[in-house]
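Structure, as structure tokens:
The values are calculated or read from the model by the stated rules, or taken from the named source; none is laboratory data. In this text the structure is predicted, and so the values were computed from the model without any measurement. For neighbour counting, all protein chains shown are included, and Cβ atoms are generated from backbone atoms with ideal geometry for every residue, glycine included. The accessibility values were calculated without ligands, DNA or RNA, using every heavy atom of the protein model including side chains. Shrake-Rupley method; radii C 1.70, N 1.55, O 1.52, S 1.80 Å.
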Amino acid sequence: MNAWEKRKVSDYLCESRIPGSNGLKAKKLTVKLWGKGVVPKNETYSGSIKTKYYVRSANQLIYGKLDFLHAAFGIVPQSLDGWESTIDSPAFDVNTSIGNAAFLLALFLKPNFYLREGIRANGSRKAKRIHEDTFLSMSISAPQRKEQNQIAMVLDKTEFLIAATQHKIDALEQAKKALLQRLFDQSWRFKGYSDPWEKRKLGDILNYEQPTPYIVRSENYQNSFPTPVLTAGKSLLLGYTNETNGIKSASKSSPVIIFDDFTTSSHLIDFPFKIKSSAMKILSPSNNDSDIYFSFGLLSSINYVSKNHERHWISQFSNFRVQVPSVHEQACVSRVLLNVTDLIAATQSRLSSLELLKKALLQDLFI
């Protein structure tokens, strides 16, 4: 391979300023942060007739002046050909004799480009802009077009696999949601089971434990530490601690549920852990005729929207009346839900591996 050559961005890109319509008439596009794509712009109001818009074409490279430091770069997709943006999102035609748009986009999305060059932004602290002439005057190192094409092809295939895997996860999540509904409204029953389900209070099948003994003392988290620190919120894992006291026991054979007392979100946990906040309840089966996996599915199937900032388990959820089958039918439901959950987890693991692969490629393929 030939050595990479240092050139100005203007050698690869030429700004496009085809006059369009105005803020009232334009079909507007916007550039998402962190290289997440170019999409239609959602607006709460239509805009001003005085604002000038410019027509953008498919395969043009585009960026957001105000969000240069947040990696607001993208390529206009075919579906948005002819859509418009203001000069705050300038677009550029690529000199295809020496440049590949996908390669250049990947280069611009590297932190050592947009963070290094972003210090040249003009404006106030809240409205710093990288203007077109500043952007075009920046220097980049790139190989010849043939090598750019090869790098872009590898990255494109990786992106395709990432998108396909994410699509599979989304489909599995939707399938699990539908499965929960069918199983818990009893429109689907297992062969050999026809007895009516018994109405019971949720608090009768799940005991709660206050989390106070398991709260972590220090927020000095490090990935090398052994014990995970959890939150019942969406993020779940906050970090790892080396504290050895007050660790909550849980395992594959004896899992627990952590329930966010304010948002009512929940997670099934099957490993020892500590927690960050007391704003949760730790739930476990009340007796031998309660299957924890079934109970978690039942909890997940409850359609409840939290409207007030208040604790919900004792005042609300523990009093909800739910329908529960025999412990043997609970086990059948649990096996199905576990199989789907394991499949989702395996697919998410594959997605994580692909994202690490992409990160490694971006590191190794660019100098």
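Filter segment 9-26 down to the residues that are open to solvent by 90 Å² or more (accessible area, probe 1.4 Å) and at pLDDT 95 or above, then identify the one that is nearest to Asn100 (Cα to Cα).
Result: Arg17.
Just to check your reading of the model, which residue among Gln181, Gln148, Gln186 is over 30 Å from Phe113 (Cα atoms) and in contact with a strand residue (DSSP E or B) (Cβ under 9 Å, 6 or more places away or on another chain)?
Checking each option against the conditions leaves just Gln186.
Regarding Leu136, is this residue more than 30 Å from Ala360 (Cβ to Cβ) and aliphatic (A, V, I, L, M)?
The answer is yes for Leu136.
Please enumerate the residues belonging to segment 138-193 that are without any contact (Cβ under 8 Å) to a residue 60 or more places away in the chain and in contact with a Lys or Arg (Cβ under 9 Å, 6 or more places away or on another chain).
The answer is Trp188, and nothing else.
Somewhere in segment 114-121, is a residue open to solvent by less than 70 Å² (accessible area, probe 1.4 Å), touching a residue at least 60 places away in the same chain (Cβ under 8 Å) and in contact with a strand residue (DSSP E or B) (Cβ under 7 Å, 6 or more places away or on another chain)?
no
Checking the conditions here, which among Gly64, Gly99, Gly82, Gly74 is open to solvent by less than 80 Å² (accessible area, probe 1.4 Å), at pLDDT 95 or above and in contact with a His (Cβ under 9 Å, 6 or more places away or on another chain)?
Of the residues listed, the single one that is open to solvent by less than 80 Å² (accessible area, probe 1.4 Å), at pLDDT 95 or above and in contact with a His (Cβ under 9 Å, 6 or more places away or on another chain) is Gly64.
Check off (1) in a loop (DSSP other than H, G, I, E, B); (2) modelled with pLDDT of 95 or more; (3) open to solvent by 70 Å² or more (accessible area, probe 1.4 Å) for Ser194 and give me the number that stays unchecked.
That leaves (2) as the condition not met.
So if I check each of Ser306, Ser353, Ser349, which one is surrounded by fewer than 17 Cβ atoms within 10 Å (Cβ to Cβ), without any contact (Cβ under 8 Å) to a residue 60 or more places away in the chain and either under 30 Å from Trp4 (Cα atoms) or touching a Cys at 6+ places or on another chain (Cβ under 9 Å) (or both)?
Sole residue among the options that is surrounded by fewer than 17 Cβ atoms within 10 Å (Cβ to Cβ), without any contact (Cβ under 8 Å) to a residue 60 or more places away in the chain and either under 30 Å from Trp4 (Cα atoms) or touching a Cys at 6+ places or on another chain (Cβ under 9 Å) (or both): Ser353.
Give the residues of segment 102-113 that are open to solvent by 20 Å² or more (accessible area, probe 1.4 Å), modelled with pLDDT under 95 and either aromatic (Phe, Trp, Tyr) or not in a loop (DSSP other than H, G, I, E, B) (or both), sorted by residue number.
Pro111, Asn112, listed by residue number.
So in segment 33-61, with the set limited to residues that are closer than 16 Å to Ile87 by Cα and under 26 Å from the mean Cα position of the chain (by Cα), which one is most open to solvent (accessible area, probe 1.4 Å)?
Here the residue is Lys41.
Would you mind stating whether Ile140 is open to solvent by less than 10 Å² (accessible area, probe 1.4 Å) and more than 26 Å from Val55 (Cβ to Cβ)?
yes
Which one of these does Pro285 not meet: (1) in contact (Cβ under 8 Å) with a residue 24 or more places away in the chain; (2) within 24 Å of the chain's Cα centre (by Cα); (3) closer than 21 Å to Gln323 by Cβ?
Pro285 satisfies all of (1) in contact (Cβ under 8 Å) with a residue 24 or more places away in the chain; (2) within 24 Å of the chain's Cα centre (by Cα); (3) closer than 21 Å to Gln323 by Cβ except (2).
Can you say whether Asn242 is farther than 22 Å from Thr212 by Cβ and loosely packed, with under 14 Cβ neighbours inside 10 Å, as far as the supplied structure shows?
no
Tell me which of these Ile282 doesn't satisfy, since it passes every other one: (1) closer than 29 Å to Thr241 by Cα; (2) open to solvent by less than 20 Å² (accessible area, probe 1.4 Å); (3) modelled with pLDDT under 90.
With respect to (1) closer than 29 Å to Thr241 by Cα; (2) open to solvent by less than 20 Å² (accessible area, probe 1.4 Å); (3) modelled with pLDDT under 90, Ile282 is out only on (3).
Go through (1) surrounded by 19 or more Cβ atoms within 10 Å (Cβ to Cβ); (2) touching a residue at least 24 places away in the same chain (Cβ under 8 Å); (3) in a loop (DSSP other than H, G, I, E, B) for Ala250 and report which single condition fails.
The failed condition is (2).
With the structure loaded, tell me whether Ser89 is farther than 24 Å from Lys6 by Cα, in contact with a strand residue (DSSP E or B) (Cβ under 6 Å, 6 or more places away or on another chain) and not in a helix (DSSP H, G or I) or whether it fails that test.
yes
Just the residues that are part of a loop (DSSP other than H, G, I, E, B) and over 17 Å from Ala279 (Cβ atoms), please, taken from segment 218-245.
Answer for segment 218-245, where residues must be part of a loop (DSSP other than H, G, I, E, B) and over 17 Å from Ala279 (Cβ atoms): Ser218, Asn220, Tyr221, Gln222, Asn223, Ser224, Phe225, Pro226, Asn242, Glu243, Thr244, Asn245.
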